[in-house]
Amino acid sequence: MARAWPGAILDDMDCKSTSPDRYRIRTGRAEDLDALRAKLDEAIRPALVEPGCRPLSGHDSACIVASVEAAFAQALRDRRQNVLVGELHGLACGFSIVDHSDPVPDLRWIVVLPEHVGGGLAQALMDAAVRLCPPNAPLSVVVSAGNRRAIHFFRRNHFVEKSAGSRLRSIVRMRRQPV
Ligand SMILES: CC(C)(COP(=O)(O)OP(=O)(O)OC[C@H]1O[C@@H](n2cnc3c(N)ncnc32)[C@H](O)[C@@H]1OP(=O)(O)O)[C@@H](O)C(=O)NCCC(=O)NCCS
């Protein structure tokens with residue numbers, strides 16, 4: 001049943017702005033990666049912060065960027081996943097990926113480019129992602145324990161930490177309960 005959701009609702013959401021006069025949230029496209037790529041490394045760095053760990057090397061960072069790009073491209077081909085892109089004046093400036101493969105949809109990524117952090121785009125992407133989930137469905141996310149900004153953002157969006165779960169203390173699993 002979850003598989004019926006993505007395409008059906010995305011068609012309605014196209015061309016709809018979820019943030020007043022600013023960002024437009026739409027379905028992602030392959031060419032969005034071209035616009036996002038230049039700043040993807042800087043954008044996802046906060047997602048990889050682990051308390052007490054050394055900074056990522058250039059090689060590590062390049063590998064992670066490549067894996068995010070691959071996840072984006074793969075999600076575009078997978079009808080069970082939604083890729084949403086936020087754009088401003090026609091330029092992609094953030095994205096989210098929600099995977100509906102499991103009974104609990106998974107927010108695999110939500111990323112805004114550095115100059116848009118704090119500007120409301122993340123909230124617009126989150127609101128759109130939630131609207132793509134079936135009514136009353138929870139939504140899960142995994143976040144690095146050192147990523148305090150993201151954790152605050154998710155808490156503000158009704159995500160709560162799951163007590164049971166990962167043995168990795170550097171990882172926080174959170175779940176949003178419908179409100
Ligand atoms: C996570 C992300 C999408 C949130 O977008 P954003 O534009 O920063 O979100 P907002 O500004 O709406 O919310 C961030 C909140 O964290 C708060 N904050 C900032 N630094 C903080 C810190 N060190 N500790 C705790 N809270 C912090 C902000 O004050 C803001 O709170 P408030 O507006 O409720 O007062 C964005 O920061 C991002 O792209 N990060 C990199 C990718 C990532 O980490 N993604 C999440 C895992 S997939």
Residue-ordered couplings for segment 90-103, obtained by feeding phi - 60° into the Karplus form 6.51 cos²θ - 1.76 cosθ + 1.60 and rounding to whole Hz (Gly and Pro as x), are x, 10, 5, 9, x, 7, 9, 10, 10, 9, 9, 5, 9, x
Where labels lie 7 Å past Cα in the beta-carbon direction, separation of Ala35 and Val117 in nm | 2.1
Separation between the Asn136 and Arg148 pseudo-spin-labels, each 7 Å from Cα along Cα→Cβ, expressed in nm?
-> 3.9
Mind listing the long-range amide H neighbours of Cys93? Cut-off is under 5 Å, sequence gap 5 or more, other chains count too, H placed in the peptide plane at 1.01 Å from N.
-> Gly86, Glu87, Leu88
Reduced to Cα centres, the span from segment 103-164 to segment 37-93 in Å works out to 15
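If I stretch the segment between Gln74 and His158 completely, what's the gain in nm (0.36 nm per residue apart, minus their alpha carbon distance), one decimal? Walk me through the numbers on the way to the answer.
Numbers: separation 84, 0.36 × 84 = 30.24 nm, distance 2.83 nm.
Full extension from Gln74 to His158 adds 27.4 nm.
The numbers here are math on the coordinates, done by the rules we state, and not lab data. Just so we're clear, the structure is a prediction, and the values are computed from it rather than from any experiment. Glycine gets a Cβ as well: all are built from the backbone with ideal geometry, and neighbour counts include every protein chain shown.
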